[in-house]
C-alpha cells in the first residue's frame, strides 16, 4: 500500500485570516517503508512572515521572495502528481489539511476530502492516552536519535523544517502502526495452506532417508537414570516418559 507523509510550514496558524504555506514536503511510503522518493518546495507567500514564526522554521520573507507561488505548476501540479490518490499522513492533519485546501482553492483546484487524510496525532492520543504526543515527544519516545535524527537541533531557532519533519513523521508513523515488523514483506515466501476454520496447515515434508544418530551419550543416560532414582517414584520425568 502506498501512502504519502507530508508536512507544511506556514506564516501562522489560520489560513482563513490570510496565513499561507511557505514550505511543503512529502515522503513516499510503500508498506510503511520510505522508498526514497520525496517532494520538497519552498513557496513565496506574497506576504510578511512574523518574527515569532521565523524563530520556529527560519524562513524569512526575504528568503522566500524569489520562490515560486503555490499556484505555479512546479508546485501545485507536481505536488498533486506526487500525491496521486494515496492516503495523506500528517501530524495534526486538520491543521495541514486546512492550509493545503485553502491553497488549492486559491489556485483554482478542488479541495482534498477529509477521508484522504490520516492523523498521526489522533493515533498517538489513542495509543498513549494522557501522555505528550507532539512530534518531538513521539520522536523521543521512539528513540529516533539512535537512528541519526538530531532531535536536539529541533529545539533551537529555525529547527523545524517540512522535509526533516516529514522524514521523522514517517518513522513515527511506522512505530505507531506496530514497528518495523509491520513493514516486512513476505510476498516471496511460500504460501501456507489453510484448513477448516482457517487454521494453518503446514505442508507435509518428506522423512529423512537416514535418521539422525542420537546425541545422548551413555554417560549422560546413566546420570539421568541416577537422578530419577534420587527423585523417587513421583518424579515429573517419570510421568512425562509414561
Do we find that residue 184 is within 23 Å of residue 121 (Cβ to Cβ) and either out of contact with any helix residue (DSSP H, G or I) (no Cβ under 6 Å at 6 or more places or on another chain) or at pLDDT 60 or above (or both) in this structure?
-> no
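Kindly indicate the residue of the range 80-94 that is part of a helix (DSSP H, G or I) and touching a residue at least 40 places away in the same chain (Cβ under 8 Å) and also farthest from residue 17 (Cα to Cα) among those meeting that condition.
82
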Within the range 37-79, tally of residues that are exposed (fewer than 15 other Cβ atoms within 10 Å of the Cβ), out of contact with any strand residue (DSSP E or B) (no Cβ under 8 Å at 6 or more places or on another chain) and either free of Cβ contacts under 8 Å to residues at least 40 places away in the same chain or within 24 Å of residue 120 (Cβ to Cβ) (or both) | 11
Contacts under 6 angstrom Cβ, first residue in the range 211-231 being free of Cβ contacts under 8 Å to residues at least 24 places away in the same chain, partner surrounded by 10 or more Cβ atoms within 10 Å (Cβ to Cβ), 6 or more apart = 228/235; 228/237
Just a yes or no: is a residue in the range 129-151 outside any helix (DSSP H, G or I), in contact with a strand residue (DSSP E or B) (Cβ under 8 Å, 6 or more places away or on another chain), buried (at least 19 other Cβ atoms within 10 Å of the Cβ) and modelled with pLDDT of 95 or more?
-> no
May I ask you to verify whether residue 193 is more than 24 Å from residue 29 (Cα to Cα), surrounded by fewer than 11 Cβ atoms within 10 Å (Cβ to Cβ) and either touching a helix residue (DSSP H, G or I) at 6+ places or on another chain (Cβ under 6 Å) or modelled with pLDDT of 80 or more (or both)?
-> no
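The values are calculated or read from the model by the stated rules, or taken from the named source; none is laboratory data. The model shown is predicted, which means the values in this text are computed figures rather than measured ones. A quick note on method: Cβ atoms are made from the backbone with ideal geometry, for glycine too, and the neighbour counts reach across all protein chains shown.
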